[in-house]
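Participant: Structure incoming, see below.
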Amino acid sequence: MDYAPIRSLLIANRSEIAIRVMRAAAEMNVRTVAIYSKEDRLALHRFKSDESYLVGEGKKPLAAYLDIDDILRIARQAKVDAIHPGYGFLSENPDFAQAVIDAGIRWIGPSPEVMRKLGNKVAARNAAIEAGVPVMPATDPLPLDLETCKRLAAGIGYPLMLKASWGGGGRGMRVLESEQDLEGALAAARREALAAFGNDEVYVEKLVRNARHVEVQVLGDTHGNLVHLYERDCTVQRRNQKVVERAPAPYLDAAGRAALCESALRLMRAVGYTHAGTVEFLMDADSGQFYFIEVNPRIQVEHTVTEMVTGIDIVKAQIRVTEGGHIGMTENTRNENGEIIVRAAGVPVQEAISLNGHALQCRITTEDPENGFLPDYGRLTAYRSAAGFGVRLDAGTAYGGAVITPYYDSLLVKVTTWAPTAPESIRRMDRALREFRIRGVASNLQFLENVINHPAFKSGDVTTRFIDLTPELLAFTKRLDRATKLLRYLGEVSVNGHPEMSGRALPSLPLPAPVLPAFDTSAALPYGTRDRLRELGAEKFSRWMLEQKQVLLTDTTMRDAHQSLFATRMRTADMLPIAPFYARELSQLFSLECWGGATFDVALRFLKEDPWQRLEQLRERVPNVLFQMLLRGSNAVGYTNYADNVVRFFVRQAASAGVDVFRVFDSLNWVRNMRVAIDAVGESGALCEGAICYTGDLFDKSRAKYDLKYYVGIARELQQAGVHVLGIKDMAGICRPQAAAALVKALKEETGLPVHFHTHDTSGISAASALAAIEAGCDAVDGALDAMSGLTSQPNLSSIAAALAGSERDPGLSLERLHEASMYWEGVRRYYAPFESEIRAGTADVYRHEMPGGQYTNLREQARSLGIEHRWTEVSRAYAEVNQMFGDIVKVTPTSKVVGDLALMMVANDLSAADVCDPAKETAFPESVVSLFKGELGFPPDGFPAELSRKVLRGEPPAPYRPGDQIPAVDLDAARAAGEATCEQPLDDRQLASYLMYPKQAGEYHAHVRNYSDTSVVPTPAYLYGLQPQEEVAIDIAAGKTLLVSLQGTHPDAEEGLIKVQFELNGQSRTTLVEQRSTTQAAAARHSRPVAEPDNPLHVAAPMPGSIVTVAVQPGQRVAVGTTLLALEAMKMETHIAAERDCEIAAVHVKQGDRVAAKDLLIELKDVG
């Protein structure tokens, strides 16, 4: 026998075990040669070796590694001394071992004769019987004759286990409950065995129901020495594949262990075993009796746990035994010249081999436990492994960017942990598993965590059916995977831009960060208005407002100011940093208006933020100052009337989430439509401010409709309704100073309630009205900090405070601290420059069109999206005309939106007021206009113009009614179920409230979070404009958890239309693929829609750009004049297009979800006789 040193070694295997052998060989200074199939050309084992060669060219992935002739060709070509087979593939094939030996190459494993004897499970069984080792009742190899197979199986007795004679790993194994299972299982097992081991021989043995799987590791040399390395427990299996292994077995005592290991040695001595081998036993958990199953004449996947508890390198021992090493020797014996005369195997005598601690191995695979453990494959977009004391990793192709192929075993990495005690080894494994980050493909990480943390596993009281009988192992907590999702978002925006930025000019990047004022965050919070409200209650707080002399100031910066200046686009990320400053340095403020109005809708629809989360986070940072919201009465925070129980439910949630002051209004000043909301606020214990919407001119005799008597009458109704404060809501900023003074004086005298004045600075002189209101005794006034004031926003709060400084009504605010806060907001405002309107100064034109300040920028934004921004003067003129057409109504959300919708449609379609009012001219009114005239938003005191009502409604207008009286109560449980189906997740009460307000937008928001995670944490410049090359951004995803992300570059991927975006995440390279939108848009442009002929009455054109919501007709259908054909939505405005004649549908060119441009041909008609 050749005992020369091995200098070069070929590993006839792949991936993890190939790398394991290479590492042992490298430590022994042995040159390594790898083989790889074409599919494995990028596998890591190819590059870990000193040399590597393609094997089995032209063959299928598995067949390549079974190509004995080609493996030997490579071995000869590479001039290797030995071949290590690893496990699986040809490792148990005696013909391969013999071919290796015949080629003059050393075989690292037992002799072919021993392999034949033990590799054949039937022969091995007979050997065990001869050696006096207990065996499980079983048959000889089953013949091909089915009837004979049935007779043999019946002789053992069902249930049975069908097994392959020439292999392991669960392949070819089937449970047979009865004879009916035999025929199908035989065919399948034989096919599987033939594919895996090259031999389709199978047999059956008795099945033990409550079984444990335990195996003994044995090492033998070529000099007759044989030792055991104790046992391993491999009971935790799924479909006969081992999942978790541990050493030593937790259920064996010293006597049981000795008996088991001695049985293994008896068998291996009897057959003259050499090298590493495993004797497997099945143990009856009820009786403790063990039975021989089989011998695996090779290294095992789970050999690592044995190495950890014994300190013996089994792979090195295999190589040394092949070199002639002696077991019982740990060091070579040398002569006086230093020459080796007796080689050591590196394995001590049996008495010196002891167990040290406990080890546990988990096999991390790319299987998806939530999808029947189907193997997943693809690119590992991120891979972070565990490390630390007592943690060992044996990995294959596992690194960020690696491609997992579908051709081989799904094993990614084996994790082995060691500790002095079994419980500590489990805790260490739990820690290690939780350290892993595997992205891009599915993994069984959470499943493994559930297994090792299950009480039955911890106690060692499991059987081989543990996984099958424990369904809770498949109950998983959804992984957040925030970093990957946020990178996906940043990649999308960096490549394609933010959808909201389409058509806008980018600011000069990078933008400087806003400067936060310095203040002591550890100082005790001063007493604030919220503390007073909690102390006094709403009624007494209202009296306190009247009795104290200082004017109370509300800062609207976090709500109406940005709604008015830049279309409500301010994000939570820019509010939170300054919030603690308000709590400590500006606690003298009456309130912070930070919620409600359009912020709710815009947060969900455009910013993809949870408005409730914003409220909660602000409340946490400002616990001492009142929070104020704008509530649209029965419209809540929407644009339509909701069921009464929905409004009450919403108010309850808002109050519990932290809203203290509810400014309740009705868009038509109809108190009856406010009562449900007012009552709900009162029941919540919050402060209810009943707001009167101001319009017209108090002293304009030509518009006597809105005189002092009108407003006082509303105030009395509100007082009777139980409000605590009266609000004057001058939403357009048209309440002149004289009118403000007169109105405040009259309201206070008539009701005795405190008055809160709100206006906009569109005219440029609204501070005069605010000061006039204060002079007349107004108790509270709204303003915005300097940097966020003026134009369509509120008057300058700091200037109001400065003007009153030293007077009896001095609000007591620090002008210096107000300035510091304003400087922060100045920096924030730069972020949103693209959303600001072109208005650069106040304008008296507001007294003509009376457009609310909060609507001004939103309407300009809508005009921009429709391509008519350059016609803004016409839009504002049309707005004033529509108001008169409607009967000079109060214009505030949602009625102002209706006026704006029709104004936009008129300009986009070149319609005059006369065209719209002409009963003979067909007009496709926006759906919001139809809703208004139906009374779904309520009724003005004098009703709507009758003629226009008839045209809009195509019939007689209804008698006045309160919309809520005709809306049935919503079944909240059913709504929650529907919402959870739409949002694809459980909804708490606040999320349900969002769904009730905006079902479509709530669903889109949750889809966004599923795809991109919570993007509200992304700094605004990165959120809106993406990252510039080499730009770094810090993203705080949780307390004390910050992601540092920098964009390294972008380049086209191999697949057309995809861009590879390279990031650095916390110093590690990460890649994400983004579909380049311009590519798909270009493709779409090549298939543009036909344009309607303007003078063709049979062509139905898109009145404006938008998306198709519904298509109500199909070709061949006959429709009557007035029949709705389809609905189109653009910027929250839905328009129903109706047939202008009796006709037949000739062709429909669009479908639901299609984007269309103005004047695109939607439907073709044909006349009917």
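Participant: Report the GluC sites (Glu not before Pro) located in region 882-938 that are in a DSSP loop and have at most 16 other Cβ atoms inside 10 Å of their Cβ, or state none. List each step's numbers first, then the result.
Facilitator: Working: sites: Glu922, Glu927, Glu936; in loops: Glu922.
Of the GluC sites (Glu not before Pro), the ones in loops of region 882-938 whose Cβ has at most 16 other Cβ atoms within 10 Å are Glu922.
Participant: Restrict the search to region 518-622; then list the chymotrypsin sites (Phe, Trp or Tyr not before Pro) that DSSP places in a loop and that have at most 15 other Cβ atoms within 10 Å of their Cβ. Intermediate values should be presented prior to the final figure.
Facilitator: Working: sites: Phe519, Tyr527, Phe541, Trp544, Phe566, Phe581, Tyr582, Phe590, Trp595, Phe600, Phe606, Trp612; in loops: Phe519, Tyr527, Phe590.
Those satisfying the criteria are Phe519, Tyr527.
Participant: May I pose another question? Would you list the P(r) distribution for region 8-108, with all Cα-Cα distances sorted into 5 Å bins from 0 and each bin expressed as a whole %?
Facilitator: Cα pair-distance distribution for region 8-108, in percent: 3, 15, 28, 28, 19, 7, 1.
Participant: Put +1 on the Cβ of every Lys and Arg and -1 on every Asp and Glu Cβ in the chain; which of Asn641, Ser459, Pro1090 then has its Cα farthest towards the positive end of the dipole?
Facilitator: Ser459
Participant: Taking the Cα of Thr640, stepping 7 Å toward and past its beta carbon, and measuring to each backbone N in region 1001-1036: which are under 17 Å?
Facilitator: Answer for this model: 1001-1004.
Participant: To continue, here is another question. Under 1.5 on a/c is rounded, so check that first for region 781-933, then, if it is not, pick prolate when a/b is larger than b/c and oblate when it is not; a ≥ b ≥ c are the square roots of the alpha carbon gyration tensor eigenvalues. Numbers along the way, then the final one.
Facilitator: Details: a/c = 3.29, a/b = 2.19, b/c = 1.50.
Here region 781-933 falls in the prolate category.
Participant: Take the Cβ-Cβ distance between Lys701 and Asp918 as r, set R0 to 25 Å, and report the resulting FRET efficiency rounded to the nearest 0.05.
Facilitator: Working: r = 31 Å, r/R0 = 1.25.
Computed FRET efficiency for Lys701 and Asp918: 0.20.
Participant: Please figure out what share of the DSSP beta bridges in the chain is antiparallel and state it in percent, rounded to the nearest 5.
Facilitator: Values: 107 of 154 bridges.
The antiparallel fraction comes to roughly 70 percent.
Participant: Then there's this: Please give, to one decimal in nm, the separation of the simple spin-label points placed at Asp95 and Glu113, each 7 Å out from Cα toward the Cβ.
Facilitator: 2.1 nm
Participant: State to the nearest 20 debye the size of the charge dipole of region 70-201 about its Cα centre, where the only charges are +1 on K and R beta carbons and -1 on D and E beta carbons. Could the numbers behind the result be given before it?
Facilitator: Working: 15 positive and 17 negative charges, 88 e Å.
In total the dipole reaches around 420 debye.
Participant: Which listed residue (Cys735, Gln300, Pro137) has the Cα farthest towards the positive end of the charge dipole for the chain, taking +1 on Lys and Arg C-beta and -1 on Asp and Glu C-beta about the Cα centre?
Facilitator: Comparing the listed Cα positions along the dipole, Gln300 ranks first.
Participant: If you don't mind, another one. Please give the length that would be gained between Val1091 and Leu62 if that part of the chain were fully extended, namely 0.36 nm times their separation in residues minus their C-alpha to C-alpha distance (nm, one decimal).
Facilitator: Working: separation 1029, 0.36 × 1029 = 370.44 nm, distance 5.78 nm.
Gain in length upon complete extension: 364.7 nm.
Participant: Can you tell me how much longer the chain between Arg479 and Lys540 gets when fully stretched, taken as 0.36 nm per residue apart minus their C-alpha distance, in nm with one decimal?
Facilitator: On the way: separation 61, 0.36 × 61 = 21.96 nm, distance 4.91 nm.
Here the segment from Arg479 to Lys540 would lengthen by 17.0 nm.
Participant: Size of the dipole of the chain about the Cα centre, Lys and Arg at +1 and Asp and Glu at -1 on the beta carbon, nothing else charged, in debye to 20?
Facilitator: 1060 debye
Participant: By the scheme Lys and Arg +1, Asp and Glu -1, what is the net charge of all other residues having a beta-carbon under 9 Å from that of Pro623?
Facilitator: Values: positive: Arg530, Arg619, Arg621; negative: Asp531, Glu620.
Charge balance near Pro623 sits at +1.
Participant: For the peptides 128-137, 771-780, what is the packing order when you average, over each peptide's residues, the other Cβ atoms within 10 Å and list the highest mean first?
Facilitator: Working: 128-137: 16.9, 771-780: 22.6.
Per-residue Cβ counts within 10 Å, averaged per peptide and sorted highest first, yield 771-780, 128-137.
Participant: Sticking with this structure for a sec: Mind ordering 723-729, 259-265 by average Cβ neighbours within 10 Å, highest first? Kindly include the intermediate steps, with their values, before the conclusion.
Facilitator: Working: 723-729: 25.7, 259-265: 19.4.
Top of the packing list down: 723-729, 259-265.
Participant: Determine the dipole magnitude for region 1089-1167: charges of +1 sit on the beta-carbon of Lys and Arg, -1 on that of Asp and Glu, nothing else is charged, the reference point is the Cα centre, and the result goes in debye to the nearest 20.
Facilitator: Numbers: 8 positive and 11 negative charges, 49 e Å.
So the dipole magnitude of region 1089-1167 works out to roughly 240 debye.
Participant: Ratio of Rg to Rh for region 1089-1167, alpha carbon only, Kirkwood? Spell out each step's value before the answer.
Facilitator: Working: Rg = 11.4 Å, Rh = 12.2 Å.
When Rh is taken as the Kirkwood radius, the ratio is 0.93.
Participant: Using θ = phi - 60° and the Karplus curve 6.51 cos²θ - 1.76 cosθ + 1.60, what whole-Hz ³J(HN,Hα) does each residue of region 610-626 get, with Gly and Pro shown as x?
Facilitator: 8, x, 5, 5, 4, 4, 4, 5, 5, 4, 4, 8, 10, x, 10, 10, 4
Participant: How large is ³J(HN,Hα) for each residue in region 93-104, as worked out from phi by the Karplus curve 6.51 cos²θ - 1.76 cosθ + 1.60 (θ = phi - 60°), to whole Hz, x for Gly and Pro?
Facilitator: Rounded to whole hertz, the list is 8, x, 5, 5, 4, 5, 5, 5, 5, 5, 7, x.
Participant: If I model a spin label at Glu51 and Asp942 as a point 7 Å from the Cα along the Cα→Cβ vector, what separation in nanometres do I get?
Facilitator: Distance between the two pseudo-spin positions: 10.2 nm.
Participant: Also, I was wondering about something else. For region 780-817 and region 979-1022, write down the distance between their C-alpha centroids in whole Å.
Facilitator: Region 780-817 and region 979-1022 have Cα centres spaced 36 Å from each other.
Participant: In deg cm²/dmol and to the nearest 500, what is the mean residue ellipticity at 222 nm of the chain if only DSSP H runs of at least 4 residues count, each as -39500 (n - 2.57), divided by the residue total? Mind dumping the intermediate values first?
Facilitator: Values: 42 runs with 421 residues, N = 1169.
Value at 222 nm, helices only, nearest 500: -10500 deg cm²/dmol.
Participant: Which value in nm describes the separation of the simple spin-label points at Ala195 and Leu374, placed 7 Å from the Cα toward the beta carbon?
Facilitator: 1.6 nm
Participant: Related question: With the cut-off at 1.5 for a/c, could you classify region 994-1078 from its C-alpha gyration tensor as rounded, prolate or oblate? Each step should come with its number before you reach the end.
Facilitator: On the way: a/c = 2.42, a/b = 1.31, b/c = 1.85.
Because a/c hits 1.5 or more and a/b fails to exceed b/c, region 994-1078 counts as oblate.
Participant: In addition: Filter the trypsin sites (Lys or Arg not before Pro) in region 170-279 down to the DSSP loop ones having no more than 15 other Cβ atoms within 10 Å, then list what survives. Working shown, then result.
Facilitator: Numbers: sites: Arg171, Arg174, Arg190, Arg191, Lys206, Arg209, Arg212, Arg232, Arg238, Arg239, Lys242, Arg246, Arg257, Arg266, Arg269; in loops: Arg171, Arg209, Arg239.
Sites meeting the loop and neighbour criteria: Arg209, Arg239.
Participant: Let me ask something additional. What does the C-alpha gyration tensor say about the overall shape of region 1-49? Classify as rounded when a/c is under 1.5, otherwise prolate if a/b is larger than b/c, or oblate. If you can, show how the numbers build up before the last one.
Facilitator: Values: a/c = 2.79, a/b = 2.00, b/c = 1.39.
Note, shape of region 1-49 comes out prolate.
Participant: Round to the nearest 0.05 the FRET efficiency obtained for Ser522 and Leu1044 when R0 = 25 Å and r is the Cβ-Cβ distance. Don't skip to the end; give the middle numbers.
Facilitator: Details: r = 27 Å, r/R0 = 1.08.
After rounding, the FRET efficiency stands at 0.40.
Participant: For a label point 7 angstrom out from the Cα of Val349 toward its Cβ, which stretches of region 315-330 have the backbone nitrogen within less than 14 Å?
Facilitator: So the set is 327-330.
Participant: Also, quick follow-up: Along the charge dipole of region 221-267, pointing to its positive end and built from +1/-1 on Cβ of Lys, Arg, Asp and Glu, which listed residue (Leu229, Val244, Gly256) has its Cα farthest out?
Facilitator: Positive-most Cα among the choices belongs to Val244.
Participant: Also, I was wondering about something else. Multiply the residue separation of His1149 and Glu1129 by 0.36 nm, subtract the distance between their alpha-carbon atoms, and state the gained length in nm to one decimal. All intermediate terms of the calculation are to be shown ahead of the outcome.
Facilitator: Details: separation 20, 0.36 × 20 = 7.20 nm, distance 1.66 nm.
Gain in length upon complete extension: 5.5 nm.
Participant: Under the √(5λ) rule applied to the eigenvalues of the Cα gyration tensor, what semi-axes describe the equivalent ellipsoid of the chain? Give them in Å, descending.
Facilitator: Details: eigenvalues 1196, 228, 153 Å².
In descending order the semi-axes read 77, 34, 28 Å.
Just so you know, all these numbers are worked out from the coordinates, no wet-lab data involved. Model, not experiment: these values are computed from the prediction. We place every Cβ from the backbone using ideal geometry, glycine too, and count neighbours over all the protein chains shown.
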